[in-house]
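What follows is a single structure, written as C-alpha cells, with notes after it.
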Amino acid sequence: MMGNMTLDTPEDILKEVQAISTFEGRDLRAWLYREILLNALKCKQDELDILDIKLINRALVEFRHAARVFKPYRKIRKVSIFGSARVAEGEPHYEMAVRFGRLLAGQGFMVITGAGEGIMRAAIEGASAQASFGVSILLPMERRPAAAIQDDPKLVTFRYFFTRKVFFVMEADAFALFPGGFGTHDESFEVLTLLQTGKAPPMPLVLMELPGDNYWETWDGFIKRQLLARGYVSPEDLSFYKIVHSPEEGADWVKSYYSTYHSMRQVHDALVIRLEKELLDDHVGQLSESFRDLLRAGDIHKTAPLPQEEDEADLLLKPRIAFTYNKQSAGRLNEMVLAINEMGRAL
C-alpha cells in the first residue's frame with residue numbers, strides 16, 4: 001500500500017476499502033488495517049454519541065501524525081525531559097537543563113520535551129532544535145511553543161493529554177525530571193507506574209536537582225517513609241530512579257544504562273535480552289543464581305537470535321541471553337539490567 005497515496009475521490013476511497021476488506025493472508029500489517037477499518041464501521045453500527053466519535057477520530061488522527069513524525073528517528077535513542085515551564089532563563093536549573101541537553105546531544109541522544117518555556121526551552125536550547133522533538137499540548141493559557149522549535153517539522157501538537165503521554169513514553173529510552181509543578185509530578189508517577197507494572201520496558205529515570213536543593217531528596221523521603229514503609233511499593237521499585245546533582249552525572253547515568261544492556265523482547269515464553277557485549281559464562285551463571293526469583297523454569301542462558309527477531313535485522317549480530325520470565329517483578333528485572341551493566345564494566 002502506497003505511503004503517499006491520496007484519497008481525493010469516492011472512487012479512490014472505495015478502491016482502498018475494497019483492497020483492505022478483501023485481504024486474505026498472514027500479513028500482520030494488512031490485518032491491522034482491516035481491524036482499524038472494521039472498528040470505524042462498528043462505531044457507526046453502535047450509534048455512538050457525537051462526542052465519543054469525535055474523541056475516537058481525534059485520537060486516531062493524533063496517533064497517526066505523531067507516529068509519522070517519529071518514524072524516521074526510531075533507531076536514535078531519545079530522552080524525555082520534564083520540568084517547570086516557570087523557570088526563567090539564567091536561573092540555575094535552567095542552565096542545568098541547557099548543559100544536560102547539550103551533553104545528551106553530544107552522546108548521540110535526541111531529546112523530547114513539551115516544547116514550552118522554562119526547562120523545556122532550556123533542554124531544546126542545549127540539544128539544538130535538530131536533536132529535539134516537541135510534543136506540545138493545546139491549553140487555553142499556554143503561549144505558542146518555544147521559538148527554537150515553533151516551525152520545526154518535529155513539533156507535534158496534541159489536543160489530549162493521554163495521546164501526548166503515550167508518545168512521551170513510547171518513543172523514549174530514558175527520562176529526566178527537573179523540579180516542577182503538578183504536571184511534572186503527573187509525568188513522574190505516570191512513568192514510574194508504567195515501569196513498575198512492566199507496561200514500559202526498563203529504562204533509566206534521572207531526577208535532576210542542584211546540590212543542596214533537596215527538591216527530589218524530599219520527594220524521595222516521602223516515597224521511602226510513606227509508600228515503602230507502608231508496603232505500597234517494594235524495595236526493588238526504588239531502583240527505577242536515581243537522583244543526580246549535575247548535568248554530567250545525569251548524562252553519564254543515561255549513557256551507562258545502555259553500556260552493556262541494549263534492549264529486550266518477549267518471544268513467546270522467552271524474554272530475550274540483547275547486549276552490546278557478550279558476558280562471560282560465569283556472569284550468566286551469577287545472573288541465574290542472583291535472579292532465580294524471576295525465572296519460571298530453567299536458567300538464564302546465552303542464545304542466538306530467535307527466528308521471530310529477524311524483523312530487527314540491525315540487531316541480529318548482538319549477543320543475547322534469554323530465560324523464561326515469570327513477570328512477577330519489573331523492579332527486579334530493572335535490577336538485573338543494572339547488574340548486567342556492572343558486569344560489562346569489568347570486561
Next item on the list: Only strands (runs of 3 or more DSSP E) wholly contained in the stretch 105-174 count here; list those with 2 or more residues that are more than 27 Å from TYR257 (Cβ to Cβ) and in contact with a strand residue (DSSP E or B) (Cβ under 9 Å, 6 or more places away or on another chain).
Entry: 132-137, 155-158
Next item on the list: Only one of these is free of Cβ contacts under 8 Å to residues at least 40 places away in the same chain and either in the same structural domain as GLY106 (by TED's automatic domain parsing) or buried (at least 18 other Cβ atoms within 10 Å of the Cβ) (or both): LEU155, LEU228, LEU177, LEU192. Name it.
Entry: LEU228
Item checked: Identity of the residue in the stretch 83-126, surrounded by fewer than 24 Cβ atoms within 10 Å (Cβ to Cβ) and in contact with a Phe, Trp or Tyr (Cβ under 6 Å, 6 or more places away or on another chain), that ends up nearest to LEU138 (Cα to Cα) -> VAL87
Note to self: Whether any residue in the stretch 309-323 is in contact (Cβ under 8 Å) with a residue 40 or more places away in the chain and of a type in the set (Lys, Arg) is what I want to check.
What the structure shows: yes
Next item on the list: Specify the residue that is nearest to VAL254 (Cα to Cα); the eligible residues are those in the stretch 41-79 that are surrounded by fewer than 14 Cβ atoms within 10 Å (Cβ to Cβ), of a type in the set (A, V, I, L, M) and more than 16 Å from the chain's Cα centre (by Cα).
Entry: VAL61
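Does ASP252 meet the test of being exposed (fewer than 14 other Cβ atoms within 10 Å of the Cβ) and either within 20 Å of the chain's Cα centre (by Cα) or without any contact (Cβ under 8 Å) to a residue 12 or more places away in the chain (or both)?
Working: exposed (fewer than 14 other Cβ atoms within 10 Å of the Cβ): no; either within 20 Å of the chain's Cα centre (by Cα) or without any contact (Cβ under 8 Å) to a residue 12 or more places away in the chain (or both): yes.
No: the conditions fail for ASP252.
Answer yes if at least one residue in the stretch 223-236 is over 16 Å from GLY83 (Cβ atoms) and among the hydroxyl-bearing types (Ser, Thr, Tyr), and no otherwise.
Here is the first cut: in the stretch 223-236, the residues over 16 Å from GLY83 (Cβ atoms) are 223-236.
Still in the list and also among the hydroxyl-bearing types (Ser, Thr, Tyr): 232, 234.
Yes, the stretch 223-236 has at least one match.
The values are calculated or read from the model by the stated rules, or taken from the named source; none is laboratory data. All figures in this text were calculated on a predicted structure; none of them were measured in a lab. Glycine also receives a Cβ, built like all others from the backbone with ideal geometry; neighbour counts cover every protein chain displayed.
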